[in-house]
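Data first, discussion second: the structure below is written as structure tokens.
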Amino acid sequence: MLVAGNWKSNKSFNEAKEFANALTSMPPLPDGVEMMIAPPAPYLAALGSTPWAFRLGAQNVSATGPGAHTGEFTADMLQGCGVHDVIVGHSERREGYGDGDEVVAEKVNRVLEAGLRVVFCCGESLQDRQSDVHFDKVLRQMESAILHLPAEVMDRVVVAYEPIWAIGTGLTATAAQAQEMHAAIRGWLREAHDEDIAGAVPILYGGSCKPSNADELFACQDVDGGLIGGASLDSVMFREIVDAAGRAHAAQVEATSAA
Ligand code: PEP
């Protein structure tokens, strides 16, 4: 299970350091759970020089390499700053900053070439869901960014299913809605790659996930953790979600050993 926090453009540098210290001084992580925090980019180099209890994530990366690209930062630069994971394809970047499918696919390539892990976001709008094209929409996003990847990099791919209508709205997909989309993504990975890869790629749910709904969402067979926005800004709340992932993992282990 992976619980990843996306802070977006929130927190001062001092608040970020306080949060990192608070999270790191909490009890050890539950078995089978990793944490990731993606703070704003200006904080990455400083945070990356200290070992924390969480993996350090970036919220964005350049689709280009080094050169005359004012304001951009490359995947290699992130790697050099101690970043482990990079979020690519978040709907806020797709909608507001011109990250179309081609740019997203290029960013995925750059992250993987730099030896980092990518958290690839996909998800449908409310209109897509109401028009019953949500599966097509999500699987087309997978096709455009993931289909061409060789098997040997797939152990550094995480998929985050984030229905856009649930992001920051307080609306959450029901466990059944999340599970059916996650199962479709898993099925797509099986067709595009194979059973082993499909079973190993973590598929996170994102969209108003919080302590009160995390247990139900994480109990779904194909939900392997969460990408958390608003609820990742509070270290205690975030840790409660991490503990929910720990309970889900323990239940899976118990079910497997009983089978
Ligand atoms: C997100 O932006 O990735 C997200 C899931 O946000 P929230 O948890 O606030 O809905």
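For this structure, a couple of remarks:
- Between the stretch 196-244 and the stretch 113-184, the Cα center-to-center distance that results, in Å: 14
- Compactness of the chain as Cα Rg over 2.2 N^0.38 Å, two decimals: 0.95
- Think of the stretch 2-258 as having a plus end and a minus end, set by charges on the Cβ of Lys, Arg, Asp and Glu; of G115, A183, V133, G115 sits farthest toward the positive end of this dipole.
- Summing charges over all other residues whose Cβ lies under 12 Å from the Cβ of A175, with Lys and Arg as +1 and Asp and Glu as -1, gives -4.
- Residues E102 and L126, FRET efficiency given R0 of 25 Å [Cβ-Cβ distance, rounded to 0.05]: 0.55
- Ascending count of other beta-carbon atoms within 10 Å, so fewest first, for I146, I37: I146, I37
- For the stretch 65-208: rounded, prolate or oblate by the Cα gyration tensor [a/c cutoff 1.5]: oblate
- Each Lys and Arg contributes +1 and each Asp and Glu -1, all at the Cβ; summed about the Cα centre of the stretch 2-258, the dipole is approximately 680 debye.
- If the chain linking R190 and T169 were pulled fully straight, counting 0.36 nm for each residue of separation and taking away their Cα-Cα distance, it would gain 4.4 nm.
- Residue-wise HN-Hα coupling along the stretch 150-167, computed from phi with Karplus coefficients 6.51, -1.76, 1.60 (Hz; x: Gly, Pro): x, 4, 5, 9, 5, 7, 10, 10, 10, 9, 10, 8, 10, x, 4, 5, 9, 7
- Reference-scaled alpha-carbon Rg (2.2 N^0.38 Å with N residues) for the stretch 43-140: 1.20
Each reported figure results from applying straightforward, stated rules to the coordinates on display, with no laboratory input. Keep in mind that this is a model prediction, so the values were computed, not measured. Note that each Cβ is placed from the backbone with ideal geometry, even for glycine, and that neighbours are counted across all protein chains shown.
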